[in-house]
Structures are given as C-alpha cells and as structure tokens.
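Trainee: I have a structure here, written as structure tokens, and I will follow up with some questions on it.
The numbers here are math on the coordinates, done by the rules we state, and not lab data. The structure displayed is predicted, hence computed values, not measured ones. Heads up, the Cβs are rebuilt from the backbone with ideal geometry, glycines too, and the neighbour counts pull from every protein chain shown.
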Amino acid sequence: MTQRIISHVAIYILSAVMIVFGIYHLQHPRYMLVFVPNNLPGGINWVYVVGIALILAAIAFIVNKFVKIAAYLLALLLIIFVVMVHLPAYRDAGDVELRRTAFIDLLQDLAIAAFALHIAGSADRHGMKY
C-alpha cells in the first residue's frame, strides 16, 4: 500500500513539474528559442510543440491513460534534448560556468528520461498498475 502511495506522489510531482515547464514554454517562447538548434527548421514552433507535449504527457500520467506511450515519448524527447541541445552546448561552451550549466541540464534531462522509462516499464496498456 505504501509503495503505491509513493509511486502516485512521485508521478504527480513529475507531472506538476512538466506542466510548469510546458506553461513556461508557452508563455515565454522567445526565451526558450535560444535552446532550439539553428539548423532545425521551424524555430519558435518547436518551443510551442515541446510545451504542449510536456503538458499532454503530464495529463496522461495524472489521468492514468496512455501512460506507456506518453512515458516512452517523453523519454525520447528528453534524450533528443540531450543529444541536440545539451551536448552541443557543453561541447561549445567557452566559459567554465556555461559548461557546468550545460552539464547539469544534460544530467537533469537524462534523469527525467530515466524516470519516464521506469514509468513506461511499469505501465501496461491500461495505465499504471498501482
């Protein structure tokens, strides 16, 4: 019983954080645009897509529907961020502080991706098995 409560709380915390990130993407797209790679067509549209994706994944977790696919897609999105945003930022940072920040962002997104994969692995086609 206690394990189920802990799992619920962890998923709800992740969902709340994702909703905040998603809303931030939608409210401040110009600030987030600096993280979109220059060689990626679409520019600011990607900021909106990511914001909506984060909110939809959070909703899927909260209502316990489409959890497996939402978690796999969230993990994929975060791994793409690591490869396309954080690794280049880390590699190209001239300043020690910028390099440290990029590395922390990289680790943060990898950790959340790992949590999303854990959620996906714990879910079945009906949602989480609490």
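Trainee: Based on the Cα atoms of the chain, what semi-axes does the equivalent ellipsoid have, where each is the square root of 5 times one gyration tensor eigenvalue, given in whole Å with the largest first?
Mentor: Those come to 28, 16, 12 Å.
Trainee: I've got another one for you. Are there any helices in the chain, counted as whole DSSP H runs, that stretch 27 Å or more along their axis by Cα and score at least 1.6 on average by Kyte-Doolittle, and if so which?
Mentor: On the way: long enough: 2-27 (37 Å, 1.24); 44-63 (29 Å, 2.54); 96-122 (39 Å, 0.93).
Length and hydropathy pass: 44-63.
Trainee: Sort M84, M32 by Cβ crowding within 10 Å, fewest neighbours at the top.
Mentor: Sorted ascending by nearby Cβ count, the order is M84, M32.
Trainee: Report the net charge of residues surrounding A116, where surrounding means a beta-carbon distance below 13 angstrom and charges are Lys +1, Arg +1, Asp -1, Glu -1. Walk me through the numbers before you get to the answer.
Mentor: On the way: positive: K68; negative: D109.
Every neighbour counted, the sum reads 0.
Trainee: How far is it, in nm, from the label point at D95 to the one at A114 when both lie 7 Å from their Cα along the line to the Cβ?
Mentor: If labels sit at D95 and A114, their model points lie 2.9 nm apart.
Trainee: At a threshold of 8 angstrom on Cα-Cα distance, excluding pairs fewer than six apart, so keeping six or more, what relative contact order does region 2-128 reach in percent?
Mentor: Once normalised by length, the contact order is 26 percent.
Trainee: Could you give the longest part of the chain that holds none of the trypsin sites (Lys or Arg not before Pro) found in DSSP loops with at most 14 neighbouring Cβ atoms within 10 Å?
Mentor: 1-64
Trainee: Using a Förster distance of 22 Å, how high is the FRET efficiency between R4 and I62, based on the Cβ-Cβ distance and rounded to 0.05?
Mentor: 0.90
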